[in-house]
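The values are calculated or read from the model by the stated rules, or taken from the named source; none is laboratory data. Since this is a predicted model, take the numbers as computed values, not measurements. Here the Cβ positions follow ideal geometry from the backbone for every residue, glycine too, while neighbour counts run over all protein chains shown.
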Amino acid sequence: MGRVRHSGGRGAVGNLASMADSGRVDDETAARAAALREELRDHNERYFLLDDPIISDAEYDALLRELIDLEAEHPSLVTADSPTQRPGGAPSATFAPVAHVVPMLSLDNAFTAEEVRAWDARISRLVPDRIVFVGEPKLDGLAISLLYEDGRLVRAATRGDGVTGDDVTANVATISSIPKRLRGAAAPRRLEVRGEVFMPLDAFEELNRRQGEAEERLFANPRNAAAGSLRQKDARVTASRALDFFGYQLGVQEGGPTLRSHHEMLSWTQDLGLPVNQHIRSLADIDTVIDFCERMLEQRHGLGYEIDGAVVKVDDLAQRAEMGFTSRAPRWAIAYKFPPEEKTTRLNGIMVSIGRTGRATPFALLEPVFVGGSTVGLATLHNQDEVARKDVRPGDVVIVRKAGDVIPEVVGPVLAKRPKRLRRWTFPANCPACGSPLVRLEGESDHHCVNLECPEQRVQRIVFFAGRGAMDVEGLGEERVRQFVDAGLLRDAGDIYSLTVERLVPLERLAARSAENLVASIEASKTQGLARVLVGLGIRHVGPTAAQALARALGHLDRVEHASVEELTAVDGVGPIIAESVARFFAVAGNRVVLDKLRHAGVDLSAPQRGAAPDVPVVLGGYTFVLTGGLESLTREGAEEAIEARGGKVTSSVSKKTSFVVVGENPGTKLAKAETLGVPILGEAAFVQLLEDGPPEGAA
């Protein structure tokens, strides 16, 4: 289940817009909300899409709670694409998209026993009868949807953003605990099983042992190892990673018995041959629920796999139906998150790293300590203000915390153990990589090296461009990039495409076969397309979601490069902050030099064409559509393409300007909003007819 996004202990965030603002929204508050949304989107993409988080779960939850509180106090700040309104991250561009017939929602979080009791009080007001619960360990893995038709596995998909995920069928088929065929002669016609793919601890240790022997990057924790293994382009790599699976929920069910409780559902799932966690328990009341959560906390390191909490659900399925859902989570379930683990160790030193944007980040060199399931030797200190606030000094005994996630942090010093006359640490005045001054702008918390020729920035920019989330050049990791930069072969990302076997073979530790493989991977990366190029360029605020929006709307890098801020802002999914950032990036002469190198190398700088086909009548020009729920005859992407091919436009949010809302199975809150605003609603049959005939005369 991995990181479970919190949608607020105060009720459904999606309903906040209907409340009255407690006061006028000042510019500072609006700017803070916008900044939080951008930051949270970036962390979502790093966690769910790139498997490369840079903050702990606890830090993420603090940012999200701040945004939730701002939106609760000022509902006019709520936007349709706010991280409070949807679970997970965007689907990857590497795999084919899958539209979930029933959305894969996230869960609300509780961090204390009191919050669990408050949840119980809320749901008890919704149903008249006694509630029985089910408790289960909250696995720290990857949520997966398995679709069986007539007993045969036909599709496996990640959760993605809850509506659209990635098709990872070939990789999931290598997991031995997932049956390719359901057991029993009377398999249902169609059955969707949802569960968690995870990596057992012994398999994780063995994988890192092999990675170390091969001098490859070590995985930070089992969750990242599982996510990275499942997103391999070569299913043989996934097969070598010893992944496992537990089922915990059903989505679509067509055929089979009528199920009345969660326990019946799990029992039937097991009868069909799917593995179910053996620690799931029936819980008679809320006191038993609290006891179960505490027991899971005590056992968290003794199960053979990582857990980061407990999940509690209402057992009775009829009661669940009465309780219903918020905009992003079921009311009948909650995730109790374990508190961060803490240990003490010696702080041996404080160093500063330089990122691809020049950001200077202090980090702690620690006496290695085992905390949160792994040995920690480094920990983030964020920025100068955090170091000063915590007053940690080299030589201190410090408290280290790890919130079930890859990034540990230093909480503070143990003052009783501080040696006498220990000096405060001062932030360096100059960049440790190039010696240029480190600059801190007024109103910002971070220092930056402003020298664009800084060798460390150059290395990190090239590494990011070649990374899996961007151009995906296999074999071009940080160690190789440093080697090539030192050898004078790389000055920027565009130089990657000038590398040849002849230029690489003379280098140390690079045999002819390795050089050939790397050059072949570089050549293959030329076809990744515009969205991946935009991600790889490292434009601030432009992650995969914004990059895909720009690519879809503008079609070619030349149009993106020369677009005005106004034209960029007009792109659906691109706000003024992103638009300003994109415009600033292309105004820099050095960045345009990189683009020229990409053009000269023949890198594909276009997006797949989506628009009117010669044989399709343009009958929907000027009409705007919103899609909600799953369609039987079309995928989400197919429906969008059909609309756009006929000249129409698809947006993600309903407004008075929306022409039609197309409603499929299990629609979300967009349906209710359309009814409130009086927007015309189309069922699937009417939608298909409209595609054929166009809208009736006089339609809005």
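The table below lists the values:
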{"item": "Qualifying positions in region 467-490 - part of a loop (DSSP other than H, G, I, E, B), surrounded by 17 or more Cβ atoms within 10 Å (Cβ to Cβ) and not β-branched (V, I, T)", "result": "G467, R468, G469, A470, M471, D472, L476, L489, L490"}
{"item": "Which listed residue is at pLDDT 90 or above, within 25 Å of M351 (Cα to Cα) and touching a helix residue (DSSP H, G or I) at 6+ places or on another chain (Cβ under 9 Å), from V481, V406", "result": "V481"}
{"item": "Unique match (being more than 19 Å from G184 (Cα to Cα), under 22 Å from the mean Cα position of the chain (by Cα) and assigned to a strand (DSSP E or B)) among Q232, Q249", "result": "Q249"}
{"item": "In region 194-248, residue surrounded by the most Cβ atoms within 10 Å (Cβ to Cβ) [restricted to those that are among the polar types (S, T, N, Q) and under 23 Å from G377 (Cα atoms)]", "result": "N224"}
{"item": "Single unsatisfied condition, P394 versus (1) part of a helix (DSSP H, G or I); (2) assigned by TED's automatic domain parsing to the domain that holds F363", "result": "(1)"}
{"item": "Residues of region 140-179 satisfying the condition of being of a type in the set (V, I, T), assigned to a strand (DSSP E or B) and within 30 Å of S82 (Cβ to Cβ)", "result": "I144, T158, T164"}
{"item": "In region 544-570, the residues that are under 24 Å from V593 (Cβ atoms) and part of a loop (DSSP other than H, G, I, E, B)", "result": "G555, A563, S564"}
{"item": "Cross-chain or 6+ apart pairs with Cβ under 9 Å, region 586-606 first and in contact (Cβ under 8 Å) with a residue 12 or more places away in the chain, then of a type in the set (S, T, N, Q) and not in a loop (DSSP other than H, G, I, E, B)", "result": "K597/S498; A601/S498; V603/S525"}
{"item": "Candidate set: region 265-287, residues that are loosely packed, with under 15 Cβ neighbours inside 10 Å and hydroxyl-bearing (S, T, Y); chosen: the one farthest from D120 (Cα to Cα)", "result": "S267"}
{"item": "Residue list for region 124-150, filter: within 26 Å of A239 (Cα to Cα) and crowded, with 20+ Cβ neighbours inside 10 Å", "result": "P137, K138, L139, D140, G141, L142, A143, I144, S145, L146, L147, Y148"}
{"item": "Flag for G349 being assigned to a loop (DSSP other than H, G, I, E, B), surrounded by fewer than 16 Cβ atoms within 10 Å (Cβ to Cβ) and touching a residue at least 12 places away in the same chain (Cβ under 8 Å)", "result": "no"}
{"item": "Counted residues, region 319-348 - those being among the charged types (D, E, K, R), in contact with a Phe, Trp or Tyr (Cβ under 9 Å, 6 or more places away or on another chain) and modelled with pLDDT under 85", "result": "1"}
{"item": "Within region 252-304, tally of residues that are under 30 Å from L631 (Cα atoms), assigned to a loop (DSSP other than H, G, I, E, B) and of a type in the set (A, V, I, L, M)", "result": "3"}
{"item": "Residues of region 427-471 that turn out to be modelled with pLDDT of 90 or more, outside the structural domain of V533 (by TED's automatic domain parsing) and of a type in the set (G, A, S), as a count", "result": "4"}
{"item": "Residues (part of a helix (DSSP H, G or I) and at pLDDT below 70) located in region 18-27", "result": "S18"}
{"item": "Number of the condition not met by A583 [criteria: (1) over 24 Å from the mean Cα position of the chain (by Cα); (2) not in a helix (DSSP H, G or I)]", "result": "(2)"}
{"item": "Meets criteria (over 30 Å from F219 (Cα atoms) and out of contact with any Pro (no Cβ under 9 Å at 6 or more places or on another chain)) for D129", "result": "yes"}
{"item": "Members of region 28-64 found to be over 14 Å from the mean Cα position of the chain (by Cα), among the charged types (D, E, K, R) and modelled with pLDDT of 75 or more, listed by number", "result": "E28, R32"}
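Matching residues to (1) within 14 Å of N383 (Cα to Cα); (2) assigned to a helix (DSSP H, G or I); (3) touching a residue at least 60 places away in the same chain (Cβ under 8 Å):
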| residue | (1), (2), (3) |
| --- | --- |
| V410 | yes, no, yes |
| A416 | no, yes, no |
| R424 | no, no, no |
| H448 | yes, no, yes |
